[in-house]
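Let me begin by presenting the structure, written as structure tokens, before commenting on it.
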Amino acid sequence: MISAILLAAGEAKRMGKPKQLLPLGGKSILEHSLNNLLASRVNEVIVVVGYEAEAVAKKVAARPVRIAVNPNYKQGMSTSLVKGLGLVSDGTKAVMVALADQPFISSQVINQLIEEFATHKKGIAVPVYKGKRGHPIIFAIKYRDELLGLSGDTGGKEILERHPDDVLEVDTGSEDIHRDIDDMKSYEKERDKIRNKRK
């Protein structure tokens with residue numbers, strides 16, 4: 001059983017507005033990211049909200065997800081991870097950490113990561129494209145305490161550095177594991193790309 005924690009609590013300072021809610025091809029960025037997880041082989045999805053919590057939660061409330069509210073979102077990504085871990089079901093064997101601002105990671109890529117994790121004995125699985133690591137990352141439940149012990153704006157990278165021999169790199173062949181929407185420029189570029197495809 002794999003539980004996905006979708007981190008959607010960030011302030012998006014560079015954007016100046018909650019980027020999770022920005023429209024992209026008929027749906028919000030958050031909905032795209034969530035749909036890809038729900039269409040994959042993960043067993044449950046926990047969405048962590050913080051900045052503009054009510055508006056963000058409203059977007060996903062009708063979906064089969066659990067919602068965790070992080071009032072400490074200004075203290076960094078680790079606080080959202082801790083909140084999400086608090087809602088993970090008993091019996092979960094691993095936790096997948098996914099980011100709401102990566103709407104292009106397909107369920108096929110997510111499933112590839114899950115399958116590789118399931119068939120190897122490593123405790124951490126990270127997707128790779130052209131030698132560079134990306135997201136989402138799967139952590140075996142044995143890393144729960146270490147994840148709970150994180151602080152600041154980290155999503156678990158230091159755990160990978162701490163346990164290099166337990167990391168499985170999965171070559172996804174997909175650049176989408178690196179594509180995120182960070183600022184208005186990257187948002188407009190992706191939005192226009194979708195619009196041009198439809199013409």
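The values are calculated or read from the model by the stated rules, or taken from the named source; none is laboratory data. Note that the structure is predicted; figures quoted are calculated from it, not measured. We place every Cβ from the backbone using ideal geometry, glycine too, and count neighbours over all the protein chains shown. With ligands, DNA and RNA removed, areas are computed over all heavy atoms of the protein, side chains included. Shrake-Rupley method; radii C 1.70, N 1.55, O 1.52, S 1.80 Å.
Looking at the chain as a GNM with Cα springs under 10 Å, which of Ala100, Ala62, Ala53 has the largest mean-square fluctuation?
Ala62
On a straight-distance basis, which lysines could pair with Lys185 in a cross-link, Cα separation under 16 angstrom, same-chain partners fewer than 8 positions away excluded?
Cross-link targets: Lys13, Lys17, Lys19, Lys193.
Which entry in (i) 67, 45, 21; (ii) 46, 37, 29; (iii) 57, 36, 33 is this structure's computed Cα extents along the principal axes in Å?
(ii)
Roughly how many whole Å is it from the C-alpha centroid of region 38-53 to that of region 159-196?
First find each Cα centre; the distance between them is then 18 Å.
May I ask you to list the trypsin sites (Lys or Arg not before Pro) in region 93-163 that are in a DSSP loop and have at most 12 other Cβ atoms within 10 Å of their Cβ? If you can, show how the numbers build up before the last one.
Working: sites: Lys93, Lys121, Lys122, Lys130, Lys132, Arg133, Lys142, Arg144, Lys157, Arg162; in loops: Lys93, Lys121, Lys122, Lys130.
Those that pass, being in a loop and sparsely packed, are Lys121, Lys130.
Using a cut-off of 13 Å between beta-carbons, work out the net charge of the residues near Leu6 (Lys and Arg +1, Asp and Glu -1, Leu6 not included). Before the final figure, lay out the partial values.
Working: positive: Lys59, Arg63, Arg66, Lys83; negative: Glu31, Glu44, Asp101.
Net charge around Leu6: +1.
Residues of region 142-196: accessible area per residue at 1.4 Å, in Å²?
Details: 3280 Å² over 55 residues.
Using a 1.4 Å probe on heavy atoms only, each residue of region 142-196 averages 60 Å².
Report the full-extension gain for the segment Arg41 to Lys130: residue separation times 0.36 nm, less the Cα-Cα distance, to one decimal in nm. Walk me through the numbers on the way to the answer.
Values: separation 89, 0.36 × 89 = 32.04 nm, distance 2.48 nm.
Extending this stretch completely gives an extra 29.6 nm.
Determine the share of region 68-181's accessible area contributed by carbon and sulfur atoms, expressed in whole percent, with a 1.4 angstrom probe.
Numbers: 2530 of 5410 Å².
So the carbon and sulfur contribution to the accessible surface is 47 percent.
To check you understand DSSP bridge types, tell me what percent of the beta bridges within the chain (both residues inside) are antiparallel, rounded to 5. Could you put the intermediate results ahead of the total?
Working: 10 of 32 bridges.
Here the antiparallel bridges make up roughly 30 percent for the chain.
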